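Asker: Below you'll find the structure I mean.
Every number here is computed from the coordinates shown, using simple stated rules; none is lab data. Predicted model only: the values in this text are computed from it and were never measured. When we count neighbours, we look across all protein chains shown, and the Cβ atoms used for this are built from the backbone with ideal geometry, even at glycine.
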Amino acid sequence: MTTIQDNLTIIRKQIDAAAAACGRNPADITLVGVSKKHSVEKMRQAIDAGLTDLGENYIQEAVDKIEAIGKTEACWHFIGHLQSNKARFAVQYFDLIHTVDKVKLAKEIDKQAKKINKCQKILLQVNIGEEDTKSGADAEQMVDLARAVTEFEHLKLQGLMCMPPYFDDPEAARPYFQHLAQIREKILDAGVDADAVRHLSMGMSHDFAAAIQEGATLVRVGTAIFGSRS
């Protein structure tokens, strides 16, 4: 049985290989360990093995874990669907929120960030596969949404996020990753500052190599690090 440290070594080698295949610097790609439904003990093992970034999907579970582990022990990413009434907790506990998909939600995050004198880093989530079961704004809304959120004083837009449909063949996800990169180009063409779309959060355990080759800067890997969820 492999350990979490073993898994991280394998994944980092795969990230290096994917980056080399397309002439990218592996240092430009951040591995986010998706730790939802995994124990604090496993998360500590990952941190001890050098994992610096952890992603959680559910506010209450995440708050309990972050309180146990410590806010400064990792860079904390919120990658689940965020309701406006939970924005307060997301702002208090997370360094980067990946899943902003409405101006209303952005406004509430800005409001909560102002209360604690914080500039909250966010990504905009695109419903790249136009799936009813997934959150995210429609692709054609993204230029307007990006323009709108950059007007908020206590938000710092840093990029885009997507979750393509699941395919057994990771190559089938590649067109969706390419589409997210194209959306970023449209936002840039609309005059939004390049720093506001510097990140593309895309790619999971089974398809992150393809995502890296299409420009991912943040890959969200859970099962390949922590194993099956209990």
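Asker: May I ask you to say which residue of Ala68, Ala62 is surrounded by fewer than 16 Cβ atoms within 10 Å (Cβ to Cβ), outside any loop (DSSP other than H, G, I, E, B) and on the phi < 0 side of the Ramachandran plot?
Answerer: Values: Ala62 fails: surrounded by fewer than 16 Cβ atoms within 10 Å (Cβ to Cβ).
Going through Ala68, Ala62 in turn, just one is surrounded by fewer than 16 Cβ atoms within 10 Å (Cβ to Cβ), outside any loop (DSSP other than H, G, I, E, B) and on the phi < 0 side of the Ramachandran plot: Ala68.
Asker: Moving on to the next point. Is it the case that segment 2-14 has a residue that's free of Cβ contacts under 8 Å to residues at least 40 places away in the same chain and basic (Lys, Arg)?
Answerer: Yes, segment 2-14 has at least one match.
Asker: Right, something else. I want to confirm something. Restricting to segment 35-59 and keeping residues that are β-branched (Val, Ile, Thr) and either touching a Leu at 6+ places or on another chain (Cβ under 7 Å) or in a helix (DSSP H, G or I) (or both), which single residue is nearest to Asn85 (Cα to Cα)? Before you say what the answer is, go through the steps one by one.
Answerer: To start, the set of residues in segment 35-59 that are β-branched (Val, Ile, Thr) comprises 40, 47, 52, 59.
Imposing the further condition that a residue be either touching a Leu at 6+ places or on another chain (Cβ under 7 Å) or in a helix (DSSP H, G or I) (or both) reduces the set to 40, 47, 59.
Details: Val40: 26, Ile47: 30, Ile59: 11 Å.
Among them, the one singled out is Ile59.
Asker: What residue, among those in segment 27-38 that are surrounded by fewer than 16 Cβ atoms within 10 Å (Cβ to Cβ) and touching a residue at least 12 places away in the same chain (Cβ under 8 Å), is farthest from Arg88 (Cα to Cα)?
Answerer: Taking segment 27-38 first, the residues surrounded by fewer than 16 Cβ atoms within 10 Å (Cβ to Cβ) are 27-28, 37.
Subset that is touching a residue at least 12 places away in the same chain (Cβ under 8 Å): 28, 37.
Working: Asp28: 30, Lys37: 22 Å.
Filtering first and then ranking leaves Asp28.
Asker: Right, something else. State the number of residues belonging to segment 116-125 that are outside any strand (DSSP E or B), in contact (Cβ under 8 Å) with a residue 12 or more places away in the chain and of a type outside the set (A, V, I, L, M, F, W, C). Give the steps one after another, and end with the answer.
Answerer: Keep residues of segment 116-125 that are outside any strand (DSSP E or B), which gives 116-119.
From what is left, the residues that are in contact (Cβ under 8 Å) with a residue 12 or more places away in the chain are 116, 118-119.
Adding the requirement that they be of a type outside the set (A, V, I, L, M, F, W, C) leaves 118.
Count: 1.
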